[in-house]
1. What is the spin-label model distance, in nm, from His622 to Ala53 if the labels are put 7 Å beyond Cα along the C-beta direction?
2. Can you bin every Cα-Cα distance in the range 278-390 into 5 Å intervals starting at zero and give me the percent of pairs per bin, rounded to whole numbers?
3. What are the ³J(HN,Hα) couplings of the range 477-492, residue after residue, when phi is run through the Karplus curve with 6.51, -1.76, 1.60 and θ = phi - 60°? Round to Hz, x for glycine and proline.
4. Take the Cβ-Cβ distance between Arg292 and Thr390 as r, set R0 to 22 Å, and report the resulting FRET efficiency rounded to the nearest 0.05.
5. In the calculated pair distance distribution of the range 117-226, what percentage of Cα-Cα distances lie above 20 Å?
6. Please compute the modelled spin-label separation between Ala188 and Lys447, points set 7 Å along Cα→Cβ, answer in nm with one decimal.
7. Taking every eigenvalue of the Cα gyration tensor of the range 442-620, multiplying by 5 and rooting it, what semi-axes result, largest first, whole Å?
8. First measure r as the distance between the Cβ atoms of Ile19 and Ala110, then evaluate 1/(1 + (r/R0)^6) with R0 = 51 Å and state the FRET efficiency to the nearest 0.05.
Amino acid sequence: MTLLQLPLVNRTHAPAPGIRYGRYPQLHGHEALPDAIEAARRQLKRLLAAGAAAHLAVAKRIQARIDDGGNIATSAGVGRALRRHGLDAARREEALALVAHTASRELGLAAHPVQLAAASALLCGAFAELATGEGKTLAVALAAASAALAGTPVHVVTANDYLVRRDAADMAPLFAALGLRVGTVCEADDVAARRGAYRAGITYVTARELVFDYLRDSVLLPFEPDPLADTVRSFTEAPRAGQRLLQGLCMAIVDEADSVLIDEARLPLILARPDSRRLDANALGRVLGLARSLVPGRHFEHLAGEESIELTDAGRAAAAELGGDARPREARLRQALVALHVYQRDRHYVVKDGRVQIVDAHTGRIADKRAWSRELHRFIELKEGCALGTENRTAAQITYQRFFPRYLHLCGVSGTLRECAGELAAVYGRDTVALPTHAPLRRMLSKPRVFRSRESMWCACASRALDLAASGRAVLIGTDSIRDSRALSEHLRGRGIAHQVLDALQDAEEASVVAAAGQSARITISTRMAGRGTDIRLAESVRSAGGLHVINCQHNSTTRTDRQLIGRCARQGDPGSAENFRALDAEGIDTWLPRPLRRLLAGQLERLPAWLPAAVLRLAQHRHAAHHQRLRAAMLRAEQTQHRRSTFRGPGL
């Protein structure tokens, strides 16, 4: 691709499988562009990109067209024009007017100007910051339907299976009225169901399922970088080409874009196959037994905030007892030590139905069918007394940083994008449009509070929740882990305070718990499951009493994640309030602050002005987030360098 070959946002024709883009459309070779050319291309795109004011002006014109009524074309007429001429500026407005008018008729949802502006930004290939509670689901559906009318297969990427099903079902009447078919891909779906869903005009799917299906396609039939060559190959190897799941990477709308594209960017997604070699359970047991006998500080070092362990000279000498070559035996011992000392039950994983199941750090949900590699999962199974699973070997892998730029049209939406706008531009070449709220924000923020220990934080939290519930408010309390949610629940139960718990062990009741969380005097404890995409609808009595109150007891790595949880309250002009609680002994806070500084703060907490410890923690949080941004940038540079130097790229990746 050259400087002149800009993505879809600067073209008029819509991407779809066919002669122009091949049978499996996607961008190839973008990672191999010289840095200077790539920087110039992206800078040009940003200069040409429209800002919030321009999209709000578009929304105003669309609203006028809808109010007029007579200027609304039929879906058949709009579809023909879009397929013939593409999504140029005039036809974008015409399509959005039609879709918004249909949504009002079929769903009873009248899109407000900010939603229309967000949909316009998405169709222009931008990331739109739309405040929490402003109606991202409808805005995304408006853009998806407009693109699908033009013949573009659209992937709407959401945070979890619950939202996949909910959003697709909620928007189904709109799509059906426009003559569009909608599909869903969830973790439990089989191959036939997935293939059928991807053949729909609009497919709702999680990022993880989407990427793994793409990797399966890449292994089944390696991709050709030239669209014509890929088309020819799809004919010469028709049986295998017909087994592909996706129709290519035409357009993706990423909901909660910062979570997927930034927070999870470094996570390698590995397509694995069962290893045919027999697993030696006795050997693993010997290694774990040795690991249990080693002493921290003497035999090994665990650096704060790192998920790895380094052996000392004494540790390497102890590893010699295992026999065999030094490097593999030491690597195996390190994995056993990580299983014992780094990964914790009810924080990193749960034991459910006799199996070790990973808890996703970003969503708080069980990541079923996911397993740690290089025998780490096996060591944790031994540690917990579970039956050993099967070890796997890598068939293909990719990261979100490498996958999503392959879309011909990439866009996204979230309530928290402004902090990472620069990184989104640098990595994905997309501008960020920050849109205002459509109604004045009525959220009240209390001053943050810092506690010496989690125990004292739970006591204060229980008292605060009880007072608020007594006044008729609904209360949502965010915790870091299942372990913390259980600890707070015990405090509330001990004081006779009724409450509900939402975490990975109660994921089946998520919909019912969330539906009841806005009722009067209702106290809900949640891990990160209630942070993104969760709409807590308020009872009228709660609204008149002051709305939902959020107590954030999470020690998130970024202020964006804090804003996501706090954004559960004061949505769409409702009243609401929130406050942040922090504990100096919280798990993981050692990645923010060195232990000596935490001890100093804890010892002087009552003598210091209340704002100072909170300011120190906020500064440490910013430094921690900046550190992870540097790690993501370094990883991407390393991947790009490896790609340029490699003479063999593997199966189309």
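1. Each label point lies 7 Å from its Cα, and together they span 2.8 nm.
2. Here the calculated profile for the range 278-390 is 2, 12, 23, 23, 19, 12, 7, 2, 0.
3. 10, x, 10, 6, 8, 4, 4, 5, 5, 5, 5, 5, 4, 4, 4, 5
4. 0.35
5. 42 percent
6. 5.0 nm
7. Details: eigenvalues 142, 57, 48 Å².
They are 27, 17, 16 Å, listed from largest to smallest.
8. Numbers: r = 40 Å, r/R0 = 0.79.
Once rounded, the FRET efficiency stands at 0.80.
Here, each number is a calculation from the coordinates, and none is a lab measurement. What you are looking at is a predicted structure, and each value in this text was computed from that prediction instead of being measured. Using ideal geometry, Cβ is built from the backbone for each residue, glycine included, and neighbour counts are taken over all protein chains shown.
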